[in-house]
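Q: My questions will all concern the structure given below.
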């Protein structure tokens, strides 16, 4: 343990937010108190038209000012119908494409042809794959072979980075052991970090940050969880359990370095 100490919370990064309008960005910042966000990854959910997504990205990039804002396109069949060229990717700081099984009415086995097309599209564009790993219905509960199916599929795409949003929730520890040696895999703890309460949950998060500190990304999943609650968790739980260097990695450096790497890959 590091002992009771007040962490330096002057800045923080967020690996998963959902902004559409400038008002979303303003509301998010209002919940940070004195903490400044330095790096944000804005992931869009399926349902918006691609035209609306691109318009939103343009508006938010202009507004972001001193914050490094990176964007992630939502995967849908319509994405194959438009020209996602290198100029668009560069101008809008697009670093990845998100696959959301629930909102695409896909099962949670990652065996569908649509998921395969997603992987091929990510590889074609040279972008990262952001994959939602949180089940929301009885049709999308974790199956015995869910994680193995997913990792077997992405093993064919070692040139692309993959960010597993929400870190497989209750299977965080199991999943983390399977990807600990995969250089292109990252565990995002947005939503998961604050949605549960209790000692077991806290110890699981601390364990991941202690032992896989170079793979962990911390986010809020705003607006579904409050960034202020993430900051409180860091202050009250992580700061007293992690060495200062590991804390800085999971709070800022991992995400900043990953985004810079993905930006250079364009």
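Q: Do the conditions hold for residue 119, that is, is it more than 29 Å from residue 24 (Cα to Cα) and in contact with a helix residue (DSSP H, G or I) (Cβ under 9 Å, 6 or more places away or on another chain)?
A: Details: more than 29 Å from residue 24 (Cα to Cα): yes; in contact with a helix residue (DSSP H, G or I) (Cβ under 9 Å, 6 or more places away or on another chain): yes.
Against the criterion (more than 29 Å from residue 24 (Cα to Cα) and in contact with a helix residue (DSSP H, G or I) (Cβ under 9 Å, 6 or more places away or on another chain)), residue 119 qualifies.
Listed here are the residues, each with its yes/no results for (1) out of contact with any helix residue (DSSP H, G or I) (no Cβ under 9 Å at 6 or more places or on another chain); (2) crowded, with 22+ Cβ neighbours inside 10 Å.
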residue: 148; (1), (2): no, no
residue: 155; (1), (2): yes, no
residue: 182; (1), (2): no, no
residue: 192; (1), (2): no, yes
residue: 198; (1), (2): yes, no
residue: 209; (1), (2): no, yes
residue: 219; (1), (2): no, yes
residue: 233; (1), (2): no, no
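Q: Report yes if residue 41 is within 20 Å of residue 235 (Cβ to Cβ) and either touching a helix residue (DSSP H, G or I) at 6+ places or on another chain (Cβ under 6 Å) or surrounded by 13 or more Cβ atoms within 10 Å (Cβ to Cβ) (or both), otherwise no.
A: Numbers: within 20 Å of residue 235 (Cβ to Cβ): no; either touching a helix residue (DSSP H, G or I) at 6+ places or on another chain (Cβ under 6 Å) or surrounded by 13 or more Cβ atoms within 10 Å (Cβ to Cβ) (or both): yes.
Spelling it out, it is not the case that residue 41 is within 20 Å of residue 235 (Cβ to Cβ) and either touching a helix residue (DSSP H, G or I) at 6+ places or on another chain (Cβ under 6 Å) or surrounded by 13 or more Cβ atoms within 10 Å (Cβ to Cβ) (or both).
Q: If you don't mind, another one. Of the residues that sit in segment 235-266 and are in contact with a helix residue (DSSP H, G or I) (Cβ under 7 Å, 6 or more places away or on another chain) and crowded, with 18+ Cβ neighbours inside 10 Å, which one is nearest to residue 38 (Cα to Cα)?
A: First, the residues of segment 235-266 that are in contact with a helix residue (DSSP H, G or I) (Cβ under 7 Å, 6 or more places away or on another chain): 237-239, 241-242, 246-247, 250-251, 266.
If we keep only those that are crowded, with 18+ Cβ neighbours inside 10 Å too, we end up with 238-239, 241-242, 246-247, 250-251.
Details: 238: 20, 239: 19, 241: 24, 242: 21, 246: 18, 247: 16, 250: 14, 251: 10 Å.
Checked segment 235-266; the qualifying residue nearest to residue 38 (Cα to Cα) is 251.
Q: More than 30 Å from residue 88 (Cα to Cα) and either touching a helix residue (DSSP H, G or I) at 6+ places or on another chain (Cβ under 9 Å) or free of Cβ contacts under 8 Å to residues at least 24 places away in the same chain (or both): is that true of residue 166 in this structure? Write out each step before concluding.
A: Working: more than 30 Å from residue 88 (Cα to Cα): no; either touching a helix residue (DSSP H, G or I) at 6+ places or on another chain (Cβ under 9 Å) or free of Cβ contacts under 8 Å to residues at least 24 places away in the same chain (or both): yes.
So residue 166 fails the test.
Q: Could you tell me how many of the residues in segment 45-70 are assigned to a loop (DSSP other than H, G, I, E, B) and closer than 26 Å to residue 35 by Cβ? Reasoning before the result, please.
A: Filtering segment 45-70 for residues assigned to a loop (DSSP other than H, G, I, E, B) gives 45, 47, 49, 64-67.
Next, from what is left, pick out any that are closer than 26 Å to residue 35 by Cβ: 45, 64-67.
Residues meeting the conditions: 5.
Q: Given the conditions (1) touching a helix residue (DSSP H, G or I) at 6+ places or on another chain (Cβ under 6 Å); (2) modelled with pLDDT under 95; (3) under 20 Å from residue 25 (Cα atoms), report the number of the one that residue 110 does not fulfil.
A: Against the list (1) touching a helix residue (DSSP H, G or I) at 6+ places or on another chain (Cβ under 6 Å); (2) modelled with pLDDT under 95; (3) under 20 Å from residue 25 (Cα atoms), residue 110 comes up short only on (3).
Q: Considering only residues that are part of a helix (DSSP H, G or I) and within 20 Å of residue 46 (Cβ to Cβ), look in segment 83-98 and name the one that is farthest from the chain's Cα centre (by Cα).
A: The first filter runs over segment 83-98 and keeps only residues part of a helix (DSSP H, G or I), leaving 86-91.
Restricting the remaining residues to those that are within 20 Å of residue 46 (Cβ to Cβ) gives 88-89.
Details: 88: 21, 89: 18 Å.
Among those that are part of a helix (DSSP H, G or I) and within 20 Å of residue 46 (Cβ to Cβ), it is 88.
Q: Further, regarding this structure: Within 23 Å of residue 27 (Cβ to Cβ), touching a helix residue (DSSP H, G or I) at 6+ places or on another chain (Cβ under 8 Å), at pLDDT 90 or above and assigned to a loop (DSSP other than H, G, I, E, B): does that describe residue 214? Explain how you work it out, then say what you get.
A: Values: within 23 Å of residue 27 (Cβ to Cβ): no; touching a helix residue (DSSP H, G or I) at 6+ places or on another chain (Cβ under 8 Å): yes; at pLDDT 90 or above: yes; assigned to a loop (DSSP other than H, G, I, E, B): yes.
No, not satisfied.
Q: Here is a check on your reading of the model: is residue 187 assigned to a helix (DSSP H, G or I), surrounded by 14 or more Cβ atoms within 10 Å (Cβ to Cβ), at pLDDT 90 or above and on the phi < 0 side of the Ramachandran plot?
A: Numbers: assigned to a helix (DSSP H, G or I): no; surrounded by 14 or more Cβ atoms within 10 Å (Cβ to Cβ): yes; at pLDDT 90 or above: yes; on the phi < 0 side of the Ramachandran plot: yes.
When the stated conditions are applied, residue 187 does not pass them.
Q: Tell me, yes or no, whether segment 65-80 has at least one residue that is within 18 Å of residue 162 (Cβ to Cβ) and touching a residue at least 60 places away in the same chain (Cβ under 8 Å). Walk me through how you get there before you give the answer.
A: Initial filter on segment 65-80 (within 18 Å of residue 162 (Cβ to Cβ)): 70-75, 79.
If we keep only those that are touching a residue at least 60 places away in the same chain (Cβ under 8 Å) as well, we get 70.
Within segment 65-80, one or more residues are within 18 Å of residue 162 (Cβ to Cβ) and touching a residue at least 60 places away in the same chain (Cβ under 8 Å).
Q: Step by step: first the residues of segment 1-25, then only those that are in contact with a helix residue (DSSP H, G or I) (Cβ under 9 Å, 6 or more places away or on another chain), surrounded by fewer than 20 Cβ atoms within 10 Å (Cβ to Cβ) and at pLDDT 90 or above, then the one that is nearest to residue 194 (Cα to Cα). Which residue is that? Before the answer, list the steps.
A: Of all residues in segment 1-25, those in contact with a helix residue (DSSP H, G or I) (Cβ under 9 Å, 6 or more places away or on another chain) come to 2, 5-9, 11-22, 24-25.
The next check asks that each one be surrounded by fewer than 20 Cβ atoms within 10 Å (Cβ to Cβ); those that pass are 2, 5-9, 11, 18, 20-22, 24.
Now narrow it down to the ones that are at pLDDT 90 or above: 18, 20-22, 24.
Values: 18: 16, 20: 23, 21: 24, 22: 25, 24: 20 Å.
Checking each candidate, the answer is 18.
The values are calculated or read from the model by the stated rules, or taken from the named source; none is laboratory data. For clarity, every value in this text was computed on a predicted model and none was experimentally measured. Backbone-built Cβ (ideal geometry, glycine too); neighbour counts: all protein chains shown.
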